[in-house]
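This report refers to the structure that appears directly beneath it.
The values are calculated or read from the model by the stated rules, or taken from the named source; none is laboratory data. As the structure is a computational prediction, the values presented were derived from the model and not from experiment. Cβ: placed from backbone, ideal geometry, glycine included. Neighbour counts: every protein chain shown.
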Amino acid sequence: MKKIIIFSALLLTIATFAHAQVNSNNASSTAQQTVQLQLSNALEITFTGNNSATGSTVTLPFTTVDHFANGVESSAQQLKVRTNKNFNVTVKANAATFSVTNGSNTTTSTMPVSVLDVKVSANNTGGSIAGNYNNYTDLSTTAANIITNGSYGGNQTFSVMYKATPGFAYPAGTYSIDVVYTATQQ
């Protein structure tokens, strides 16, 4: 009987030791840490043709009398807005009159900026074409909304086209003006 009691005690000790080993293999511990992202307002407008804030020069050649009388249109020029807030886009000319180059001499001309019109030919911004810019509209030196309520995102695009109708009042030369697009977060 003594042997049975000793044997039972030995079995109980082995079972307890084995149970303790199983529990120690399942031990766990946790650690926690907070990560904060400090985001600022992000906004960029670029021309997709060269991925730059300065677009390629748009050349409108006037080679026939009909061009002078009826005007010449450009191809579509696409711009992209990347922003983390909704936005508006304005357009304006940087001067009231074109500059003109004849040979190596560049001067201010009398050709008004209103000779040049712009229209939004495609709009994938999630916003609306403002005013009458779905049709050709005269440019001026005053910023005017062309896109309103554009949606935030990384690839909000729109395209513009230009049309110039100078008529017959200006002599030959290369006439230039800068057109400025400004995206502003709401």
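Being at pLDDT below 95, over 18 Å from SER56 (Cα atoms), over 29 Å from the mean Cα position of the chain (by Cα) and buried (at least 17 other Cβ atoms within 10 Å of the Cβ): is that true of SER104 here?
Working: at pLDDT below 95: yes; over 18 Å from SER56 (Cα atoms): yes; over 29 Å from the mean Cα position of the chain (by Cα): yes; buried (at least 17 other Cβ atoms within 10 Å of the Cβ): no.
No, not satisfied.
Any residue that is out of contact with any helix residue (DSSP H, G or I) (no Cβ under 9 Å at 6 or more places or on another chain) and in a loop (DSSP other than H, G, I, E, B) - is there at least one of those in segment 152-159? Break it down into steps so the answer makes sense when it comes.
Start the filter on segment 152-159 by keeping residues that are out of contact with any helix residue (DSSP H, G or I) (no Cβ under 9 Å at 6 or more places or on another chain), which leaves 152-159.
Those left that are additionally in a loop (DSSP other than H, G, I, E, B): 152.
Yes, there is a match, as at least one residue in segment 152-159 is out of contact with any helix residue (DSSP H, G or I) (no Cβ under 9 Å at 6 or more places or on another chain) and in a loop (DSSP other than H, G, I, E, B).
List the pairs whose first member sits in segment 44-71 and is over 22 Å from ASP138 (Cβ atoms), whose second member is of a type in the set (D, E, K, R), and whose Cβ atoms are under 6 Å apart, counting only residues at least 6 apart or on separate chains?
Within 6 Å, the pairs are GLU44/ARG82; THR46/LYS80; THR48/LYS80.
Right, THR110: farther than 13 Å from SER159 by Cα, among the hydroxyl-bearing types (Ser, Thr, Tyr), surrounded by 15 or more Cβ atoms within 10 Å (Cβ to Cβ) and touching a residue at least 12 places away in the same chain (Cβ under 8 Å) or not? Can you show your working first?
On the way: farther than 13 Å from SER159 by Cα: yes; among the hydroxyl-bearing types (Ser, Thr, Tyr): yes; surrounded by 15 or more Cβ atoms within 10 Å (Cβ to Cβ): no; touching a residue at least 12 places away in the same chain (Cβ under 8 Å): yes.
It is false that THR110 is farther than 13 Å from SER159 by Cα, among the hydroxyl-bearing types (Ser, Thr, Tyr), surrounded by 15 or more Cβ atoms within 10 Å (Cβ to Cβ) and touching a residue at least 12 places away in the same chain (Cβ under 8 Å).
Can you pull out the residues in segment 120-145 that are more than 23 Å from PHE98 (Cα to Cα) and part of a strand (DSSP E or B)?
Keep residues of segment 120-145 that are more than 23 Å from PHE98 (Cα to Cα), which gives 121-132, 134.
Correct list: SER121, ALA122, ASN123, ASN124, SER128, ILE129.
Are any residues in segment 99-147 out of contact with any Ser or Thr (no Cβ under 9 Å at 6 or more places or on another chain) and under 20 Å from THR174 (Cβ atoms), and if so, which ones?
Of everything in segment 99-147, those that are out of contact with any Ser or Thr (no Cβ under 9 Å at 6 or more places or on another chain) and under 20 Å from THR174 (Cβ atoms) turn out to be GLY103, SER104, ASN105.
Take segment 131-152 and flag every residue that is surrounded by fewer than 16 Cβ atoms within 10 Å (Cβ to Cβ) and either at pLDDT below 95 or within 15 Å of the chain's Cα centre (by Cα) (or both).
If the condition is that a residue be surrounded by fewer than 16 Cβ atoms within 10 Å (Cβ to Cβ) and either at pLDDT below 95 or within 15 Å of the chain's Cα centre (by Cα) (or both), then GLY131, ASN149, SER151 are the ones that fit.
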